[in-house]
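**Student:** I have a structure I would like to understand better, so I am pasting it below and will then ask my questions one at a time.
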Amino acid sequence: MFVYSIRASTLKFFGCIALCLVVLVLLITLGNADTVYASAEGREINYGGIKTNDDRVAFIEGFGVRVDKDPVSENTFTMPSDFDRVIEGYNQIQRSQGLDLSKYQRKRVTHYSYRVTNYDLDGEVYVNLVVYKNRIIAADISSQSDGGFVRALSDVDATKLK
C-alpha cells in the first residue's frame, strides 16, 4: 500500500505554477502587440512584421495593387501631439481599416510612398504607408489629379485595377 500526503502549501505552490502557465499561454496566443489584424472583404490583414522594403511591397500587392519596387519617397518624422482637422480626417480613413494614428502621437514614424503601376486613371496614383517599429500604422491609396481621391488601402477600387 502506498500513502502520499499533500500539504496545503504544496497545493498552493502547484496552483500558482498552473495559473502562471495559463496566463503565459494566453499572453503568447492573444497578446502579440506587434500584430494587428483587420478584416477587409472577408479576409484578414496583418499589419505587423513589416521589416524590409520587400515586406512593404508584398503587403501592398496583397491588395491586388502593383507598385514600383522602390519607394518614390521615404521620410521620417514625429507624429504631432495634437491632430488638426486634416490629420483627424486622415485618421478617420485609417480607422475604417482598423488602424488608429492617435496611439502614435509624439512617436517617430516613417512614411513611404510607392507609385502604382496598374491603376486605370489618367495621372499618377500612389500607395502611402506609415510604419512604426515594423508595423504599418496607416495605409492609403491616393491620386492628386483632377477628381483625385484618398481612400484606405483596404478599400481599393478593384474595378480600376488593370
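None of the figures in this text is laboratory data; all of them are computed from the coordinates on show. Owing to the predicted nature of the structure, the values given are computational and were not obtained by experimental measurement. Glycine gets a Cβ as well: all are built from the backbone with ideal geometry, and neighbour counts include every protein chain shown.
**Student:** Local charge sum around Thr117 (other residues, Cβ-Cβ under 13 Å, Lys/Arg +1, Asp/Glu -1)?
**Tutor:** Summing Lys and Arg as +1 and Asp and Glu as -1 gives 0.
**Student:** With θ set to phi - 60°, apply the Karplus curve 6.51 cos²θ - 1.76 cosθ + 1.60 along segment 98-106 and write out the HN-Hα couplings as whole Hz, x wherever there is a Gly or Pro.
**Tutor:** Listing the rounded values in order: x, 10, 8, 6, 5, 6, 10, 4, 6 Hz.
**Student:** Could you pull out the pairs from Lys69/Lys160; Lys133/Lys160; Lys103/Lys162; Lys103/Lys160 whose alpha carbons sit more than 25 Å apart here?
**Tutor:** Lys133/Lys160; Lys103/Lys162; Lys103/Lys160
**Student:** Which ³J(HN,Hα) values, rounded to whole Hz and listed in residue order, are derived for segment 59-74 from phi using the Karplus coefficients 6.51, -1.76 and 1.60 in 6.51 cos²θ - 1.76 cosθ + 1.60 with θ = phi - 60°, glycine and proline given as x?
**Tutor:** Those phi angles translate into 4, 4, 5, x, 9, x, 9, 9, 9, 4, 5, 9, x, 5, 8, 9 Hz.
**Student:** Under the Karplus relation 6.51 cos²θ - 1.76 cosθ + 1.60, θ = phi - 60°, what is the ordered set of whole-Hz ³J(HN,Hα) values for segment 146-153, x standing for Gly and Pro?
**Tutor:** Those phi angles translate into 4, x, x, 8, 9, 9, 4, 4 Hz.
**Student:** Where a ≥ b ≥ c are the square roots of the eigenvalues of the C-alpha gyration tensor, would you call segment 33-160 rounded, which needs a/c under 1.5, or, failing that, prolate if a/b is larger than b/c, or oblate?
**Tutor:** Values: a/c = 1.39, a/b = 1.24, b/c = 1.12.
It comes out rounded by the Cα gyration axes.
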